[in-house]
Each structure stands twice: as structure tokens, then as C-alpha cells.
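Values quoted throughout were computed directly from the atomic coordinates according to the rules given, and no laboratory measurement underlies them. Predicted model only: the values in this text are computed from it and were never measured. Note that each Cβ is placed from the backbone with ideal geometry, even for glycine, and that neighbours are counted across all protein chains shown.
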Amino acid sequence: MRKLLLLLAMSGSLLAGAQKKAPVPAASEPLYTSLKYRLVGPFRGGRSAAVAGSYTDKNTFYFGATGGGVWKTTDAGTTWKNISDKYFGSSIGAVAVAPSDEAVLYVGEGENTMRGNVSEGLGGVWRSADGGRTWKNVGLKDGRHIIRLVVHPRDPNTVWAGVMGHLFGPNEERGVYKTTDGGKTWKRTLYVNNQTGVSDLVMEPGNPDVWYAGTWRLIRTPYSLESGGEGSGLWKSTDGGESWKNITASKGLPKGVWGIVGVAVAPSNPDKVYALVENAAGGLFASADGGETWNLASADNNIRQRAWYYTKVYVDPKNENLVYAPNVGFMRSRDGGKTFQNINTPHSDHHDLWIDPKDGSRMIVADDGGAQVSFNGGDSWSTMMNQPTSQLYRLSTDNAFPYRILAAQQDNSTLRIRHRSLGRAITESDWEETAGAESGYVVADPTNPDIVYGGNYGGYLSRLDHKTGENRAVSVWPDNPMGAGADVLKYRFQWNFPIFFSPHNPKKLYAAGNHLFASENEGQSWTELSPDLTTNDKSKQGPSGGPITKDNTSVEYYSTVFTALESAQEKDLLWTGSDDGLIHVSRDGGKSWNNVTPAGVPKWMMWNSLETDPFKKGALYAVGTRYKLDDYTPYIYKTEDYGKTWKLLTNGIDKMHFTRVMRADPKRAGLLYAGTEFGMYISYNDGASWQPFQLNLPVTPITDLHIKENDLIVATQGRAIWILDDLGVLQQIDPVVSAKNLHVFAPKETYRVAAPLFAQNFGTPVAAGTNPPAGAAFRFYLKEAPDSLKVSMSILDKEGKLVKTYSTDAKEAANKLDVRKGMNTAAWNLRYPEADRIEGMILWNGVPGAIVAPPGNYTARFRAGKDSADVPFVVKADPNYKTTQAEYDDQFRFLWAAREKFNATQKAIKDIRTLRSQMAEFTGRAAKDSAAKPVKVLADSLSKQLTAIEETLYQTKAKSGQDVLNYPIRLNDKLAGVFDVANSGNFAPSKQVRDVYTDLARQIDAELAKLEAIRKNGLPELNKRIREAQVPLIGTTD
């Protein structure tokens, strides 16, 4: 039997709770604040549950993302722009446009879809008076979930708010609130109890005196969802929401326990009211007398399923019988709710709908894929593939090149996406679905990136071979638990159960339920490595959902291992953290286990992530959260003695920013990165103190962090995936840096991947992820940067020869170096300058393009006034190619020779044209001078010879792009063509390429020799005769 050992608490020694603040390096903050995260994607919409539209501009709409802030389109959903960044962000539950003044917008924080990964808002309500350009907070900050905002039809300062309140515990700020001064003050007009909030709030269209509200008792715990109970019901007001009447017991409405309620009023007949009620005898109820009496219109489960997640109803503005009840399907009834049919939309799981009150065919829907617009009543919709609002769970990377990021997107699928593309941007073609499904860990085989393992709810685990397309289930215990509580299961697997590979054995795959398992044969068999590593509290493992509708998907499965790892520093050192508060360690590969939970840690901690210290054996960081117990305190602990003692490391983190993840920098001891529900933090002293590290990252929940190739990858719950490229600046920061006039940070190794010129010229397209700077990127610090300061960056090859120079006074934009005081970034795109161009010259093959630098050692030489710094760097070969260094060098020498030959040809053509021009000018002047006739005869003869040379080198008859189809190309064009052939891949030039080049070069050299002969013989003779005629000489500039 395995031994389960409990370490007894030693008095006063196990938990060092006191935290001493330690300063970060003095120069750090002004240096790193110039760093920028870049958005990778994907641009596939994540969940939205709040939409609105303009009443006057047919193409303008808004949506609130559940974690991604507020978005606006002015082109009917073709493109979307975030309008809340820099003011607020995170989860949005309501968006409203003032009908009488559309410059006035109101937004409520805290999503209204109360699912297991729900994100609450701390900001309450926001108001904009300029269409979303700027915002002001207007209160209700403890409402946590503002589910509906309705603006008076004629007064933009009068607003009603439906507030659910805290989801994870009781609080007072919930119910219906009203303001008449634009949010300066609020009055609560409907309150039921401290666990009941408002599930829906609607005004009789055009009549701000009449209101209906649904109230809902709802609470979530770490192990349950309870929808329904005392306080749930239906209410009506006839005095502008000042007072309310409970109409739950009205004739025709169901008896017994109520849950969530949705309500709608028909604009064309205000007496026609619909209510969608969660109840054992629930369904869609209709009233023809303003709520006095009701009848059951439909009990169709397609509009009732998972009531807590949906339960909304809407009515067409002109047809009281045209009713919408968004659910898994977008359900529509044309007969007053008696029967419903599904309408196709871009995504399933629908949560909100806005219908134009003047045009029922114009609408916007919110669903688990974001927001989409329709102008034909739902027959067609705008795309969901242009919204970077995905909610991601855990991150991992593979060992492909460029490496891919793997993650599961809530409400969608798993995915793997390139961290950079070889094209203009990171587009839809750079990512694909992979193993597992929406909620799971996703990990790639360390030895084969095309073999991917992914999890999902119900303990499902699959193995996908991207080469063959085979996707096979390799679940640890394939007994599907759907619909059952955790108490009846042999093994309990959480919705988001851990899956990871051993850092010491690439064939060893781990998975965790309430036990830890391992497989070394790709999931064909699994070994149980541990006893139950949780509290196994059966009282917290029953079915979830509440008294009316059960809902068991494993989201609420409790007493499971929620995070686990094998130490990269020590083989067989295993750590686990459970969602019910326990940390265990095994130092022998799972043969024996110790309970090393920190003494004094608050009960029922959900350990969300673990991280080993890269520089100390036996050291572990444990990140926990208790937000599902309504405790938003951040918790980060560290042990340096295998769990015997612990210390808390959260000084500097906002007391309401609960932590989800922390990662240790692999190159600088004590440098830590933490992700919280409301943003990023950084510590330079091993967590003794923290400071914000948000930079340009929008405010959004951080769900995971991962470091790969010295990049920090950030997963968010509502704003997709971001990367902070190259942590070198953070790792190299030192207080002395800011005292220098010039400091250049050592760059990381650069791979020989040159960005397409198209990308450099036109930037990142709309709805696509951004690539990192092309080529070798350099970060440098300038203490001062006056306009008079000349700054340059010169690239030198391994022999010290100049490749390219960028400078502040460069004349060409491509060579311009823009600098400012403080931190700066410059990049060399790994290209040598392209060949010479001649204006107006038509070449089928164009001029030989820029040559990509071969792998090797280079130097970047920076000069700023009298200061200089040389920084060596390495360009590494693309590992996707088997090309040797000798072959790269051979290709480069050939391309360089061809380029130089082409440049020599171009110079000859320019010289020819210069000589001919001077001769023509001379002969024109001397046409009437009989003494100059011998000179004119010789000039005409030389001019004809020069023309013959030019016509051999270049097709002078080509005056438009496709004239060369009529007039064959000449030597310079052919040379450009053979250059392109040799430059078309990563290989040494072929024999035939060399042979063609040799032949072309021979012909070109022959013509250049003719030109040289004219220079040496013809021109001296011509100038001799000109001198005798006493006219200006003719010649070219070398």
C-alpha cells in the first residue's frame, strides 16, 4: 500500500505569514514600462451576453464580452473595435444606448451568464457622453453583476438597473435601482433578500411608467450551483419603478419553487406579456392583460433546458406573435410561443438579443461565439471570426518551429496557434482545432508536435494525430458521468483536470482526477500513482443545479486534483494541489505521499497552479484562490524545504485581485510574473513585493502564463492570447543602466525567418494577430534624446563588413531610426539591401531582391552622439530545414555575386544613358557648326555603339508591364531571373543555376568590355576632337 503521510504542524514554524517589503531595482520600472504585449489571437469570438444597437445608424452596434470589455462596430459587424480599454474592461453584463441622445451610453460590469467560470465585475456602472470615446464610473460597484440597464426614452439621465449582486455569497447591493441624474445617485426600488437579485428587467416599450422584473435566488459555491428558491418571482411596477407588486401568484402562473425568470412585452400590444419561468411546471407563459392572468404557451424543453444559462424572451416590435427564446438553439415562434423552430446562427448557446424597435429584421444576437448582426431577421449573420474575445483555460506549447501555443477555448474547441506566422500576420490559416474540447488541458508530445493530447469535461481525454487525422479516446476511466453527481463516481475528474508530460521522460503522460495517474504507452493503459489526494468530503459531491433543474457537467465536481506537476529540477518529485485545499508531495515518483498543506491557510482553498523554483531544489510556489467562496484575496505561497514550511507572498497585489497563476523566470532568480483576475503583476524579489505589470494589456482575467523561448505567453478569459516577446530586458535590468547615456540590452538568438516585404510595407491587417518584429530585435536605452542627437545602428557581419545602417538622419524611410528618451526598439529584418533600381525600367523578373543573411555571428554597432556600444548576436538556421552552414554560405556567396553583377549591369546602363545624353546635347549644339562636323560624326558612331550595348543588356522596347511578351527580355532581366531561382529556397545553387549564371555573366562581361573600350578609346578620341573644337568635354562619374 502507498503511504499517505500527514506532516503535523510544528508550533510557529510552518507558515511564515509576515511579509517584508523589499525594493525592486531602482531603474526597472521606467525601463520596462515601454515593453508591449502583442495580441496573437485567435480572432474567434468568445462568449457575449450583452448587445445593443443604434436607433438611427443602421450599421452601428455594441456588445459586451464576458471578460473582454465593450466593443463597437460601425460597419454592421464587419469589424469591431474595443471602446472600453484604458478605462475599464473585464466582464460585461449590460450595454444600453440612450434613445434620446445616442452619444450617451451605459455599461454594467459582471456577466449575466452565471456559469462555472463566471467573471464578476468590481466597477459597477459606467457612463459615456461621447459615444464611448471616454467613460466615467457612476457607481453600484458592489453589484458585481449588472444584468440589465434601461434608459428612459426621452431622458438620457434616467436609468434603471437590474442587479444580481454577488454570485458566491450574500450581499445587499442587489435588486432594481434607479437614477435620475446620470448615475450620480442611485435609489433601490426593489429588494427581496440578500441572496436574490434581478434576472431580467424590461420597460413597456415607449412607456417608462410600466415595468416588469424577474427576481432570482441564485448562489454558486465551489461545489454546487443552486438556482431557485425563496425570493424568485415576477414583479410589476406602474409608477416608473418606484414601487413594485409581486405578481408571482397571478392566475395561470406555476406554483411551487421558482428559479430564473425572463420577461418581455410586445411593443405592438403592451398588454401582451411573455414570461419564461424556471419551475417544475415551467415554460413560456403568456398574458393578454398586462400580467393579470396567464396561460402556458409552451413547455418545450428546447426553450427551458439549462434554465440558469439562458431563460430570455423577446418580441418583434410589430408582431406580438413573433417571439424569440434564445437557448442552445436560437429559437423562434411565429404563433405566440405555441411552437418554436431553430434559426441557424454562427454559434450555439444564445444569451441576449437586441431588435431594432423600428425594423424587426435588424438585430444583433449575443452567444458563446460573440456577437453577430442580421438585417433579414436571422436568415444570415455577420461573422464571429473577427472578435479577439476568446476565453482560454490552460496554456502549453509544442516543440515545432515556430512553436505553437495550445489551449482550450471556452464554448468552442481546443486550438493550436502559431506564436508567429511566416506571412503578414497571424490569421485564421495559422491555427487549427486540436485534441480535446472546450474545457481541458492540451499538451503536445515533446518528441512529435503533431501528436496532441486534450481533455474535456467528464474525464474525457483524447489523442489526436494531426498527420493522419486519427482522434482516439484514451480516457483514464472511460465511464461517462454526464448528468450524475460526483458522489457516485469511482474517480472524480474536474471539468479542467490536469494533463502534463514528465520533463524527464517524454513518454510519460500524467493525468489527475482525485488520484494522480500516469501512462507510458500513449494512454493504452494507466497506472494509479496515488491514493485520493483530496479531502473526499462526500457532503460536497452531490448533484448540482438546485431544487428545480439539475446541471452536472463536472464543472462543480469537487474534491479533485486541480493542479499538478513533476519538478523539472528533480526527477520523480511530484506535487499536487486540490480544489478543496490540500497540497501533497511525493519524492519517489508516487510511491509515498505527504500532505504538506500550509498551516493556517484558509479552508477550502482551490489550488489553481503550481510552479517550481528553477534555481532551488525542493522549492515550490503554490497559487490559490477562494473567489468561489466570495473571497477575492490573492494567495501565493512558497516553500523551500519540500513543504515543511511556507510563506505568503502577496504584498503589493491589490486585495481584490485574486490570483490564478504565477511563473518564475528561468534566467533571473527571484523574478516572478503573476496573473490575477484583473491583470498582471511582477516581482523582482521572489515575491516579497509586487507591482503592476499591465503595460498595454487590457484589463481582463489572466487564466494562465507560460514561458517559451524567453517569451512570456498570457492566456486570458475574454481577450485571447498575448505574448511579451523576449524577457531579456526584464532579466538584464540593473540600477546602473539608467545612469548611462546609452545602453543596449543583449538580444536573444534570432532565427533566420525573414518577414515578407508585404508585411513590412502594409503592417497587420484587421482581425489578425500581430507578428513580432521581423528579424533581430534590439532594445536600447537613451538617457536623453534631443533632436540634435544623431543615433545610428549598423549591422556588421562576422568579418566586420557593413551590412546595413539605420540612422536618425537617414533619407529613406526604410533606413530611418526613430528614437526617444528612455527605452527604444530597433530591428534588422535580416536582409541585405536589394539590387539597384532604375526608374521606369520594365523588368519581368524585377530587380534581385534582398538577400536574407545566412546563419552566423553578427554585431550591432550603436552610436548615440559620442557614445557607442557593440552588441554581438547570433542568427540561427531555421530548424525546419536540413541545410548545412556550408550550403547557406554557398548560397549567400552566389546571390551576392549575382546581385553585384546585376548592379554592375545597371550602372553600365545608367552610364550609357548619361553618355548618350551628353553626346546628343553636343550634336544638337554643333549641328550648324561645320568645324564640328568630324566631332558629330564620331559622336553619332559612339552613340550607336552604346545603344547596341544597352539593347543587349536591357529590352528597351518594353514600355509597359507585359510588353516583354512581345519583346524578349535581355541580359539584366535574365540575370534577375536566375537570381530568383537561386533565392527560392534554402539550398546551395544547383549545377544548372551556376551554368546559366556563368553563361549570362560571360555575355554581360562582353558587353561591359565593349563599354569599357569606348571609355578608354572612343571617349578620349571624342574629347580630343571636342577640345580642338573648344566645346565642353563628355564623360561619366565613376
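Points worth noting:
- A prolate overall shape is assigned to segment 91-133, the ratio a/c of its alpha-carbon gyration tensor axes (a ≥ b ≥ c) being 1.5 or greater and a/b exceeding b/c.
- Normalised convex hull volume, segment 335-464, alpha-carbon set, Å³ per residue: 136 Å³
- A convex hull fitted around the alpha carbon atoms of segment 885-1029 yields 115 Å³ per residue.
- Near residue 136: Cβ cut-off under 15 Å, other residues only, Lys/Arg at +1 and Asp/Glu at -1. The net charge is +2.
- Note on the chain: Rg/Rh from C-alpha atoms, Kirkwood Rh, equals 1.08.
- Alpha-carbon Rg/Rh ratio, for segment 740-876, with Rh computed the Kirkwood way: 0.98
- Against the chain, whose longest principal axis comes from its Cα atoms, helix 1019-1029 is set at around 60 degrees.
- Evaluated over segment 688-834, the count of Lys pairs having alpha-carbon atoms less than 16 Å apart is 8 (only pairs 8 or more residues apart or interchain).
- Euclidean distance between Cα centres, segment 466-539 to segment 574-641, Å: 20 Å
- For segment 909-989, diffusion coefficient by Stokes-Einstein and Kirkwood Rh (Cα), 20 °C, 1.002 mPa s, µm²/s: 140 µm²/s
- In range of the label at residue 249: residues from segment 202-217 whose backbone nitrogen is under 13 Å from the point 7 Å along Cα→Cβ: none
- For the chain, with +1 on Lys and Arg beta carbons and -1 on Asp and Glu, the positive-most of 902, 442, 455 along the dipole: 902
- Over all other residues within a Cβ to Cβ distance under 14 Å of residue 706, the charged ones net out to -1, with Lys and Arg as +1 and Asp and Glu as -1.
- Rg in Å to one decimal, and Dmax rounded to a whole Å, for segment 48-374 via C-alpha atoms: 17.6, 50
- Residue exposure sequence - 586, 689 - by fewest surrounding Cβ within 10 Å: 689, 586
- Counted by Cβ distance under 15 Å from residue 435, the other residues give a net charge of -3, where Lys and Arg count +1 and Asp and Glu count -1.
- Using alpha-carbon coordinates, inclination of helix 933-953 to the longest axis of the chain, degrees: 40 degrees
- Straight-line cross-link partners of residue 318 among the lysines, defined as a Cα under 29 Å from its Cα and at least 8 positions apart when in the same chain: 58, 72, 178, 236, 245, 251, 272, 338, 358.
- Bridgeable lysines around residue 538 (alpha carbons under 19 Å apart, same-chain partners fewer than 8 residues away excluded): 490, 550, 603, 628.
- Bridging of residue 36 to aspartates and glutamates at a Cα separation below 14 Å is possible for 711, 725, 726, once same-chain residues fewer than 8 apart are set aside.
- Cα-derived Rg to Rh of segment 811-943, Kirkwood definition: 1.19
- Against the chain, whose longest principal axis is taken from its Cα atoms, helix 885-925 shows a tilt of about 50°.
- Packing, taken as the mean count of other beta carbons within 10 Å per residue, orders the peptides 545-554, 804-813 from highest to lowest as 545-554, 804-813.
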